[in-house]
1. Suppose only helical runs count, i.e. DSSP H with n ≥ 4. What mean residue ellipticity at 222 nm does that imply for the chain under -39500 (n - 2.57) per run, divided by all residues and rounded to the nearest 500 deg cm²/dmol?
2. If the elastic network links every pair of Cα atoms under 10 Å, which of Asp75, Asp113, Asp22 fluctuates the most in the Gaussian network model of the chain?
3. Students often get this wrong, so check it: of Lys134/Lys168; Lys7/Lys159; Lys58/Lys142; Lys7/Lys58; Lys59/Lys175, which have C-alpha atoms separated by over 21 Å?
4. So for segment 86-141, averaging the separation of alpha carbon pairs under 8 Å that are six or more residues apart and normalising by length, what relative contact order in percent results?
5. Taking loop as defined by DSSP and a crowding limit of 15 other beta carbons within 10 Å, which trypsin sites (Lys or Arg not before Pro) in segment 65-170 fit?
6. Figure the gain on full extension for Met37 and Asn124 (residue separation times 0.36 nm, minus the Cα-Cα span) and round it to one decimal in nm.
7. Please compute the contact order of the chain in relative form: average sequence separation of alpha-carbon pairs under 8 Å and at least six residues apart, divided by the residue count, as a percent.
8. Using a Gaussian network for the chain with springs between C-alpha atoms less than 10 Å apart, which of these wobbles most: Ile14, Ile33, Ile125?
Amino acid sequence: TPTFRSKIYPEYKINRPPMPDDMPVQIARIEQILDAMNIPLLRVDGFEADDVIGTLAKKAAANGYEVFICSKDKDILQLLDERISAFDIKTATVTTIATMREQMGVTPTQFIDCLALQGDPSDNIPGVPDVGPKTALDWIRKYGSIENLYSHIDEIKGKRGQNLRRFKDNIALSKTLVTIN
């Protein structure tokens, strides 16, 4: 079903190619296997898998469980807290809130601001043109938040500064789109 993101921004994920023709059959087969193994399958109309994963992770952590989210998706990093970690199954790397702060220099909440600033072409999230992950991280490390960045807007020079001013309206929308609900 359409997600709340596509309802507030119809262009959300508009550039994504359609699902390959052979994929629905594979999904159906995987669902049969999961059912046979008595593994629950969860879907919530209007929400994406990340939102469901985020909800389950936060509820489990609130109930005292240690949570490992197995995903390479960078968006998952916004969910990290003292009980929630991300596990990259390809590299066997665990990212905790402490290693995130150590390696990236931001908190999970600040990471949402980074995602909003840089946008995401694959999901058609606008962000600010010419602002990539490195610039977004540098700004959030220095200013702490998007709001504080804009209170120091005069310090941002050049084309990126111009774009930051010109595309300010994109930021609130982008932040809503990148935030796991």
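The values are calculated or read from the model by the stated rules, or taken from the named source; none is laboratory data. Quantities reported herein were computed from a predicted structural model and do not represent experimental measurements. Cβ sites come from the backbone with ideal geometry, for glycine too, and all protein chains shown count toward neighbours. We work out accessible area using only protein heavy atoms, side chains counted, and drop any ligands, DNA or RNA first. Shrake-Rupley method; radii C 1.70, N 1.55, O 1.52, S 1.80 Å.
1. Working: 9 runs with 89 residues, N = 181.
Counting only the DSSP helices, I get -14500 deg cm²/dmol.
2. Sorting by GNM fluctuation, first place goes to Asp22.
3. Details: Lys134/Lys168 19 Å; Lys7/Lys159 32 Å; Lys58/Lys142 28 Å; Lys7/Lys58 25 Å; Lys59/Lys175 23 Å.
Where the Cα-Cα span goes over 21 Å, the pairs concerned are Lys7/Lys159; Lys58/Lys142; Lys7/Lys58; Lys59/Lys175.
4. Values: 51 pairs, mean separation 15.0, N = 56.
The value is 27 percent.
5. Details: sites: Lys72, Lys74, Arg83, Lys90, Arg101, Lys134, Arg141, Lys142, Lys157, Lys159, Arg160, Arg165, Arg166, Lys168; in loops: Lys72, Arg83, Lys90, Lys157.
Answer in residue order: Lys72, Lys90, Lys157.
6. Values: separation 87, 0.36 × 87 = 31.32 nm, distance 3.66 nm.
Additional length available on full extension: 27.7 nm.
7. Values: 218 pairs, mean separation 35.9, N = 181.
This gives 20 percent for the chain.
8. Ile33
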